[in-house]
1. If Gly103 passes every condition in (1) open to solvent by less than 90 Å² (accessible area, probe 1.4 Å); (2) modelled with pLDDT under 90 but one, which one does it miss?
2. Name the residue, out of Val93, Val75, Val109, that is over 29 Å from Ser16 (Cβ atoms) and within 12 Å of the chain's Cα centre (by Cα).
3. Could you please let me know if Glu43 is in contact (Cβ under 8 Å) with a residue 60 or more places away in the chain and surrounded by fewer than 18 Cβ atoms within 10 Å (Cβ to Cβ)?
4. Give segment 46-90 a look and list any residue that's open to solvent by 70 Å² or more (accessible area, probe 1.4 Å) and at pLDDT below 95, or say none.
5. Considering (1) touching a Ser or Thr at 6+ places or on another chain (Cβ under 7 Å); (2) without any contact (Cβ under 8 Å) to a residue 40 or more places away in the chain, say which one Arg13 fails and leave the rest.
6. Restricting the search to segment 1-14, which residues are open to solvent by 50 Å² or more (accessible area, probe 1.4 Å) and within 18 Å of Ser61 (Cβ to Cβ)?
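The values are calculated or read from the model by the stated rules, or taken from the named source; none is laboratory data. All values derive from a computational prediction rather than experimental measurement. Glycine gets a Cβ as well: all are built from the backbone with ideal geometry, and neighbour counts include every protein chain shown. SASA here: full protein model, heavy atoms, side chains in, ligands and nucleic acids out. Shrake-Rupley method; radii C 1.70, N 1.55, O 1.52, S 1.80 Å.
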Amino acid sequence: MSNHKIELTINGRQYSGDVEARTSLADFLRDDAGFTGVHLGCEHGVCGACTITVDGRAVRSCLMLAVQANGATVVTAEGLAAEDGTLHPVQQVMMEEHALQCGFCTPGVVMTLASLTGEGKQCSQAQIEGAMSGHICRCTGYQGIRRSAARLAYDAMGDSAQQGGDA
Ligand code: FES
């Protein structure tokens, strides 16, 4: 069986790999690159645990092949905090709101929220609510997750939306 050479950027560093065509991006990130913060729950696009960003957009890494990520820029939950350990704003808010229990769904939730908010991005409450509907938490963390999402949505709506807003 012939393998395929891929090169991509993960969390700011260059990686290369020699993968089978059928290798999922999630398996490459976990097993080859060592980013085990990419969690695998359902492995068919339902639970959201494996969410990462590819070129800035949230993606289910269980549904994407590693060969499709050739040349892409990938960020996993491990790549969000600053080098000095300062948490990403999404991580900070989720910590303050106790938005986790077992933590299994957390990296995927963090990556979806980070893809929509922060760094001057603007989005609506409806966009965030819609995106969060694609994440399953197995142990009652929803209240904290929803509080976090609401805070981040408010911050990301921008001044004009907040003045006339539906928050
Ligand atoms: S493991 Fe990818 S969506 Fe569930």
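1. (2)
2. Val109
3. So Glu43 fails the test.
4. Answer for segment 46-90, where residues must be open to solvent by 70 Å² or more (accessible area, probe 1.4 Å) and at pLDDT below 95: Arg57, Glu83, Pro89.
5. Looking at each condition in turn, Arg13 falls short on (1).
6. Result: His4, Glu7, Gly12, Arg13.
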